[in-house]
Structures are given as structure tokens and as C-alpha cells.
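Here the structure comes first, spelled out in C-alpha cells, and everything after it is commentary.
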Amino acid sequence: MSQRLEPGDIAPDFTLPDADGKDVSLADRRGRKVIVYFYPAAMTPGCTKQACDFTDNLELLAGQGYDVIGVSPDKPEKLAKFREKESLQVTLVGDPGKETMEAYGAFGEKKLYGKTVTGVIRSTVVVDEEGKVERALYNVKATGHVAKLIKDLGLVSE
């Protein structure tokens, strides 16, 4: 079972391929706040809702200094299809080896329809400008999560 992150921890660095196959690195985002969210699979109903919610609020988040990176075990080709199909504007990266997910505590045992399974734990980690964990939220709901996060971060849309 991977260790969950706590506020104040150093966010594990990662470099993963995006939907275009280009490397995206957390280290390249120093000086900006980054919302890293982990989701089980592109093009599934809950993950689509969550990605669309982040896209719909991207202007507000970016205006407050936040970048958004969505991480799933999908390959870049599937991420590209997902992005195009749903007109997504958030950065999507693939972690097929699940090393980054494990480093963030976003992969392990979870309950699914009453059964214990091993898989991606829907999670969101907010990283500050210095690369430290500001918030670490695990087992979040796909629907309503982005609105709650914006409220909790004190980012109220005008």
C-alpha cells in the first residue's frame, strides 16, 4: 500500500508523457501552484465529468496561479482521444507504470462496489510554489469535487 502524502511533505517530482507524447515535469512548474489530480481511466463517466469540471474552471484556477495536471494510467494516444472528444484543456499525463501514482499514495487498495480491489484512488494533491504539499485529498468524488476544491481554496468566481 502506498503512503499517503500530508501537508508539508515535499511533493514527489515526476516527468510523464502528455497527450502529445511530450514530457511534463512537476519541477518545470516551480513558482506556480499545481493541482495534480489522479483518476482511474480516460473516457469513463466519472473521469470525464471530473476532467470537464477542471476544464470549465481552468480560467479561474489559472488566474489564481494554479496549473492543473490530470494523471491516469492511460497511454498518450488514449489521452489525446479523450482530450479531443471532450474538448479538454487541462494537461493530461499518462503513468502506465503507476510509479507516480504510488509515490503520491493514489494507487492501492480501495472499495469498489463493496469489494476490495487494487487500483487508482481518485485523489487530488495541491502543490505550492516551492513544491510542498498544501493539501492531499483521497477518495474524492468525481462529481462536485472541483467546486468543493475551489471553495476550500478560497477561490470564489466573480
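For the reader, a short list of remarks on this structure follows.
- Whole-Å distance, taken between Cα centres, linking the stretch 1-63 and the stretch 67-116: 9 Å
- Residue-by-residue Karplus 3J(HN,Hα) for the stretch 10-16, coefficients 6.51, -1.76, 1.60, Hz, glycine and proline x: 6, 5, x, 6, 8, 9, 10
- Of the GluC sites (Glu not before Pro) in the stretch 74-132, those whose Cβ has at most 16 other Cβ within 10 Å and which sit in DSSP loop: GLU129, GLU130
- Ellipsoid semi-axes in whole angstrom, largest first, where each is sqrt(5λ) of the Cα gyration tensor of the stretch 1-89: 21, 16, 14
- You can think of it this way: the chain between ILE10 and LYS111 has 33.6 nm of extra reach, that is 0.36 nm per residue less the Cα-Cα gap.
- Pairs of lysine residues in the stretch 15-147 that meet both criteria, 8 or more places apart or on different chains and Cα atoms under 19 Å apart, total 17.
- In the chain, helices alone account for a calculated mean residue ellipticity at 222 nm of -7500 deg cm²/dmol, with every DSSP H run of four or more residues adding -39,500 (n - 2.57).
- Taking the Cα centre of the chain as reference, the dipole from Cβ charges on Lys and Arg (+1) and Asp and Glu (-1) amounts to some 660 debye.
- Residue range of the chain that is longest and free of trypsin sites (Lys or Arg not before Pro) which are both DSSP loop and sparsely packed (at most 11 other C-beta within 10 Å): 23-140
- Neighbourhood charge, 14 Å Cβ-Cβ cut-off, centred on ARG83 and excluding it, Lys, Arg +1 and Asp, Glu -1: -1
- In nm, spacing of pseudo-spin labels at ARG30 and VAL156 (7 Å Cα→C-beta vector): 3.6 nm
A short reminder: the numbers here are calculations on the coordinates, not readings from a lab. None of the values given here were measured: they were computed from a predicted structure. A quick note on method: Cβ atoms are made from the backbone with ideal geometry, for glycine too, and the neighbour counts reach across all protein chains shown.
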